[in-house]
1. So which residues in region A:403-421 are in contact (Cβ under 8 Å) with a residue 60 or more places away in the chain and either within 40 Å of the chain's Cα centre (by Cα) or open to solvent by 50 Å² or more (accessible area, probe 1.4 Å) (or both)?
2. For A:LYS344, are the conditions met, namely being away from RNA strand B (no atom under 13 Å from the Cβ), of a type in the set (Lys, Arg) and part of a loop (DSSP other than H, G, I, E, B)?
3. Taking region A:234-277 as the search range and keeping residues that are among the polar types (S, T, N, Q) and assigned to a loop (DSSP other than H, G, I, E, B), which one is most open to solvent (accessible area, probe 1.4 Å)?
4. Just to confirm my filter: which helices (runs of 4 or more DSSP H) fall fully inside region A:1-113 and include at least 3 residues that are within 16 Å of RNA strand B (Cβ to nearest atom)?
5. Quick test of your reading of the structure: A:GLU729 fulfils all but one of (1) more than 14 Å from RNA strand B (Cβ to nearest atom); (2) without any contact (Cβ under 8 Å) to a residue 40 or more places away in the chain; (3) touching a helix residue (DSSP H, G or I) at 6+ places or on another chain (Cβ under 6 Å). Name the failing condition by number.
6. Looking at region A:652-679 only, could you name the residues that are within 11 Å of RNA strand B (Cβ to nearest atom) and either part of a loop (DSSP other than H, G, I, E, B) or open to solvent by less than 40 Å² (accessible area, probe 1.4 Å) (or both)?
7. Scan region A:474-492 and tell me whether some residue there is within 29 Å of A:LYS266 (Cβ to Cβ), touching a strand residue (DSSP E or B) at 6+ places or on another chain (Cβ under 7 Å) and of a type in the set (A, V, I, L, M).
8. Which condition number does A:MET314 fail, the rest of (1) in contact with a Cys (Cβ under 7 Å, 6 or more places away or on another chain); (2) open to solvent by less than 10 Å² (accessible area, probe 1.4 Å) being met?
Amino acid sequence: MHTGVSIIDYNSIDRHWQEEWDRAKIFEANLSDKPPFMVTAAFPYVNAPHHIGHLRTYGTADLLARYKRMRGFNVLFPMGFHGTGTPILAFAKRIRENDAELINEFKIFHIPEEEIRKMTDPEYIVEYFAKEVENGMRRTGLSIDWRRKLVSIEPIFSKFIEWQFKVLDENGLLVRGDHPVGWCTNENNAVGSHDTRHDMEPEIEEQTAIKFKVEGEDASLACSTYRPETLFGVTNLFVKDPAIYALCTVNGEKVYLAKEAAKILKSQMDLEIQSEIPSSEILKKRCVNPLTGEAVPVLPGFFVRESMGTGIVMSVPAHAPFDYAAIQRLEQSGYPVHALPPKKVIDVQIGRSLSDVSEGEAKPSQTEVPSLAYLEILHTGPNAINDMLEFATKLQYREESHWGKMAVKGYEGMGEPEARERITKLLIDGNEAFKIYIIGNAPVVCRCGTEAIVKIIKGQWFLNYGDEKWKSAAREVFAKMDVKPDKLRKTFEAAIGWLNLRAVARAQGLGTKFPLDRNFMIESLSDSTIYMALYTFIHHIRGVDANKLIPEFFDYVLLGKGDAEAVSKATGIEYETVNRARESFSYWYRETSRHSGADLVFNHLTMYIFNHSIIFGKEYWPKHMVVNGSVLSEGEKMSKSLGNIIPLEEGIERYGADPIRIAVIAGADLYSDSEFSAAAVNGIKERIEYLNGIIDGIDNYQTSELKKVDYYLYSVLNRKVDSATRHMESLELRDASTEILYNSVIELKRYFKRGGANGIVIKDFVQSVVLMLQPFAPHVAEELWHNLGNGTLASLERWPALNKELIDEKAERLDNLVDEACEDIKRSLSLMAKKGNRAPKEIRLIVASDWKRDAANRLAETRKASDVIDAVSSGNGGVGKEKIADYVAKIAKRLNEVRRIDISQEEEFSSLKEAEDYIAKECGAKASVEKEGESDSQRADRSAPMKPSIEIRF
RNA sequence: GCAGGGGUGGCAGAGCUUGGUCAAAUGCGACGGGUUCAGGGCCCGCUUCCUUUAGUGGAUUCGUGGGUUCAAAUCCCUCCCCCUGCACCA
């Protein structure tokens, strides 16, 4: 008998089969007559070894590669490493500075100290981690053709990227312009999130600075605001007091700003500080609203910040709780305010998004001063704490911009966003205002300790993804692409529409020099949009001097321009090599599938589509794209700082490569995050080991004539093949693995419980399961395949074919009948037990007569009870008409539930009869089956087709 | 704010494209029982409420509030809430 479970030494079978694969070179893909299928995954950035989360993308890609191989494709799965950009440089610098935090992080991965010491050299970092990552991938059993390995900082790669940028430039897609960036004035460098403390991304927001002419002076106060449309409601201006302000020249005009603000804005515009002036002087001025012509006073505002915007704000008490509160507080303190009265400029139903307001429980007592009304419905007032005012501000802002209508002449009824746009344009065109940028999530602090500001970079190089021709080409590529999951289509369409200018040149970083200005480097996402094409032939040009890789070479290989002989002459590269490169590219690039994690949708993947659309011919456009979710550990994303990382190699050693593969790749739907847990891995191992146990003991089963259970198992097997294949085709990997691993084990157990024991049937079943398991668990599959007596490699076998003939719906229904009968018996028993009945002595099942089936079938067709009664009684001499009428009347009550039944009494009977022992065991009493018409049971009449009557004796 | 995704039973998570067979798959957890020492494992049952002296019948459920329909978790509209991205960062 089978043992059910046996222990597998995963690490040793992993090693063994990896060696076998290497020896047989089965993943080295060469041109052939078979249809090509090329799978690429976003190459990893090599600044650390991988953890099990990285396996999600690479494992999913590998799974597809392995599956497609089994489906008869010639599959190429290459891999490379990304080292471009600044992080690795920054890394080397931190190592040089002996950064304790960083060195601590490395301890998670057990990196030897002497290696860390060598990492002051950025190129060594790339070399070291590329090796580490490759090693991890090999140990995971990824079916990669390692001959094609490349690194993004090697000369061949750079030559290729230079060619790419030449093509982009020829298409007019490289443009220059000004661009705001987060900036550190101390290091004189742009700051991204990895340059800041707590990895904060500087969020750059646009504000409008509106000029209020000072009465009696040739100068203005510049107020910064997000809401120029509220200009109609300005009652005064606010400045910080005490504070230092400054008279500046901005583009030749005199403008007052807070001194701190002026220092920051210097990096955005032509601005000079002329003289300093205390806030007390500013407070004496009166200024003119450029839109209404009204003169308003300047007041001290408790909430004004000198470094935010211009350090001066306009006061709109009707629409800004802070402004209203500030004025109230000034009045309370006896300050001579003299501001204009609050003026409502936007109408909205106050508090409509709050439930207690919309239900009428809290209504403001007035609506003429909306900001006060907002404070009121929040049960507070002008003296509220700042957090409360902040909350009221957000609520009011949201409701007004969402539903508000302008209540000002010329703009009546207009929505706020539209009014804002128009008024802003009006002001800027009339030189009454100018744009400024601020850090929205300030303070963002650079690692050096300086607070970041916004700087406008002049003459920056951009890749113009906003170009309409380019966009429509990208849309065309995308329209023809197959995307998984399909629900991402809209997201991609949005991303294609949204992508605009992208700065491509950087002052520093590893990688390729920017061809149009060699003082700059190509930015690191822009150099990895079409590199997959390089995999198709890079192993053919490995020995070639990179300097020979002039544009003519790539023009020919990738675009088919010119001919091999001429190119060979022009480049000095051997004719054979040129030729082979072109052949390889044009073979492999016909059918490609691109894989990455969900985080790359809005940048890499979309740029990938764009770049392919403009550079390659239609036949080489990408065909498939697959986006996967990530892996969570204890509900959290894995991160070094959280310390919840499981390094890949450590995980493999602990759990074995295959259980981890299944847990990570098939633990959730393709696009959902999967939760990694030891419990899940154990569940997987249990099933694997159950299958292993069956195979170990398979010789104990004799081969004999097929019984009902056997037909049933064949039927179920083919159903599994069918649905597993469907799931694999649409990469519903969780469903596929459930079907293959979990459900097959359930079916096997059920088979044995029913008394199934036919050796050949079991073997057929298990063989198919093992093959379908191969893409998920290749090492285990090889081992089990081998243990089943096969001399071939499972990795090279064909995916099990569906044999539709063996799907026997009737067999399955008859089998289910047994389970349903048991369920009914048990339900009755438990109900009886509640009433105090003892254990049952005997269970009798009575199978309904054929005339009942006849009646049901007729009723299903004609739907007329009286006709059915006549027809059935005339054809069934032995049964009384009254009995028939009773039965028909009963089922006719639920006419629309009546279905055709094509299973006879005899079939139903023999199926149950064969399962008598099983039923007895399940229900805990002797069980017998008899036929209605031959039974003397009182309850025989109650039997219905597929629902035998049950009589229980106690 | 803009864009995309999402809100389902104790939790996780299907189903919603093609309305009914959905009180809602599956897994986990909890509870009860068995497996005749405990624990684990395994097996069985149960896990909205009521009802049923035998396998039953009914009510109320799928973020909120409306609507369409003989019929809605599933279609339409509204609002609320959550997640992700928003660019020079790989």
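1. Answer for region A:403-421, where residues must be in contact (Cβ under 8 Å) with a residue 60 or more places away in the chain and either within 40 Å of the chain's Cα centre (by Cα) or open to solvent by 50 Å² or more (accessible area, probe 1.4 Å) (or both): A:GLU416, A:ALA419, A:ARG420.
2. Numbers: away from RNA strand B (no atom under 13 Å from the Cβ): yes; of a type in the set (Lys, Arg): yes; part of a loop (DSSP other than H, G, I, E, B): yes.
Yes.
3. First pass over region A:234-277, keeping only residues among the polar types (S, T, N, Q): A:235-236, A:249, A:251, A:267-268, A:274-275.
Those still in the list that are assigned to a loop (DSSP other than H, G, I, E, B) too: A:235, A:251, A:267-268.
On the way: A:THR235: 2, A:ASN251: 103, A:SER267: 26, A:GLN268: 17 Å².
This residue is A:ASN251.
4. Details: elements: A:10-24, A:55-70, A:87-96, A:100-108.
Because the criterion is at least 3 residues that are within 16 Å of RNA strand B (Cβ to nearest atom), the helices (runs of 4 or more DSSP H) in region A:1-113 that meet it are A:55-70, A:87-96.
5. Just one mismatch for A:GLU729, condition (3).
6. So the first thing to find is which residues in region A:652-679 are within 11 Å of RNA strand B (Cβ to nearest atom), and the list is A:667-675, A:677, A:679.
Correct list: A:GLY667, A:ALA668, A:ASP669, A:LEU670, A:TYR671, A:SER672, A:ASP673, A:SER674, A:SER677.
7. So in region A:474-492, the residues within 29 Å of A:LYS266 (Cβ to Cβ) come out as none.
No, because not a single residue in region A:474-492 is within 29 Å of A:LYS266 (Cβ to Cβ), touching a strand residue (DSSP E or B) at 6+ places or on another chain (Cβ under 7 Å) and of a type in the set (A, V, I, L, M).
8. Among (1) in contact with a Cys (Cβ under 7 Å, 6 or more places away or on another chain); (2) open to solvent by less than 10 Å² (accessible area, probe 1.4 Å), A:MET314 violates only (2).
The values are calculated or read from the model by the stated rules, or taken from the named source; none is laboratory data. It should be emphasised that the depicted structure is a prediction, and the values quoted were computed from it without experimental measurement. We place every Cβ from the backbone using ideal geometry, glycine too, and count neighbours over all the protein chains shown. Side chains are part of the model used for accessible areas, which takes the heavy atoms of the whole protein and leaves out ligands, DNA and RNA. Shrake-Rupley method; radii C 1.70, N 1.55, O 1.52, S 1.80 Å.
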